[in-house]
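Notes follow the structure.
Just so you know, all these numbers are worked out from the coordinates, no wet-lab data involved. For clarity, every value in this text was computed on a predicted model and none was experimentally measured. Positions of Cβ are backbone-derived with ideal geometry, glycine not excepted, and every protein chain shown enters the neighbour counts.
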Amino acid sequence: MVHRVRPLLALPVVIFLWKVIVWDKVLGLGTTDEITGMAADWCGLIVTAYVGGRSIEKVARILRR
């Protein structure tokens, strides 16, 4: 079940980052307001948990053997 929830939580952050990087910076077709407040905190936590959580899972799997 966790494997289904993680991508759903990360999807809005991924969409935002792709929009900023590809649309705004690479193609130069717009500007996007920065994320502030609690939304910024949550975005940081989601990215950290998504990337770091997977690494922790891999290390735990290795140590379990």
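Table for the structure above
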| read-out | value |
| --- | --- |
| Filter result for E34 (among the charged types (D, E, K, R), out of contact with any strand residue (DSSP E or B) (no Cβ under 6 Å at 6 or more places or on another chain) and assigned to a loop (DSSP other than H, G, I, E, B)) | yes |
| Sole exception among (1) part of a helix (DSSP H, G or I); (2) loosely packed, with under 13 Cβ neighbours inside 10 Å for L29, by number | (1) |
